[in-house]
Each structure stands twice: as structure tokens, then as C-alpha cells.
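The values are calculated or read from the model by the stated rules, or taken from the named source; none is laboratory data. Note that the structure is a prediction, hence the values are computed from the model and not measured. Cβ placement follows ideal geometry from the backbone for every residue including glycine, while neighbour counts extend to all protein chains displayed.
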Amino acid sequence: MKIKKILPYIIVFLISFFATPAIIMSFAKKANQQAKEFVQDFKPKTSQLADGTYMGKFKAFRLITMSKVEFTVQNGTIKSIEFKRMFHSPGSPYKETIENQIKQSKRLEVNAITGATRSSNFAKAAIKNAIQINSN
């Protein structure tokens, strides 16, 4: 008798438990596609940017911030960069890897990192947004 009472709760729990990761993966894939389309043919010329601090972000579906960046340009090179927010797998070092890549090259060109294609696309999209905001 008691099993009949809790069976609906067990079913809801199991559906939620297995469906949630699939929903999150689907969302991340679609957000990545949006970022790829946004940064298609985007090749920032750091040397042509005006000196100053730039801030930008990439929001998937105009709802959820996937990446948020702040960087400073001085004399055509990157002096500092920090991703305030970056959607990536928990415990992964990709945010720091992308930041270090930019700091070392002193340019905004982000090469896709193996295993971090989505994070790289989200980073590029936030950088492009920052440049667009400051060029208006």
C-alpha cells in the first residue's frame, strides 16, 4: 500500500535526475552555437583599439550570462584581462588557461583550446561584445 503512495514521487525524481543533465547539455550546445555565430569572422586587432578599460559579456538567449570579461588596453597591447564569469565544467582550468593565453600574447586573439571549445567561444563572444560596446 505505501509503495503506491510514494511511487509517483520516485518516478518524478528519476525523470528529473536523468533529464536535468540532458537539458543542461542541450542548452550549452545551443548557447555555443549562438556564440560561434556571433564571433564568426571576428578577428580583433588589439593594436587598433583605443586605450582604456573594456567590459563585455555574452548572454545565451539574452537570459543567462555565459561569460563576462574586463580587460585593459594600453598602447595597443593587453595590460590586464579577467573573466569575471565563465561557463565551463566545474573544476576545469580553462578560464585561467584562456586568460593566460591572452596575457602572454598581449593580444585578444583567442585560439580554441582542446577540450574547451565552448569556453573559448564564450570568451571570444564576451570580448567582441566589449569592443562593440566601447566603439559606439
**Prompt:** Taking region 67-118, which residues are under 18 Å from residue 43 (Cα atoms), without any contact (Cβ under 8 Å) to a residue 40 or more places away in the chain and in a helix (DSSP H, G or I)?
**Reply:** 98, 99, 101, 102, 103, 104, 105
**Message:** I'd like the full set of residues that are touching a strand residue (DSSP E or B) at 6+ places or on another chain (Cβ under 6 Å) and crowded, with 20+ Cβ neighbours inside 10 Å, limited to region 100-118.
**Reply:** 102
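Conditions (1) under 23 Å from residue 108 (Cβ atoms); (2) at pLDDT below 90; (3) basic (Lys, Arg), marked per residue:
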residue	(1), (2), (3)
4	no, yes, yes
21	no, yes, no
26	no, no, no
29	no, no, yes
34	yes, no, no
37	yes, no, no
52	yes, no, no
57	yes, no, yes
60	yes, no, no
**Message:** Checking the structure you have, find out if any residue of region 51-64 is part of a strand (DSSP E or B) and exposed (fewer than 13 other Cβ atoms within 10 Å of the Cβ).
**Reply:** yes
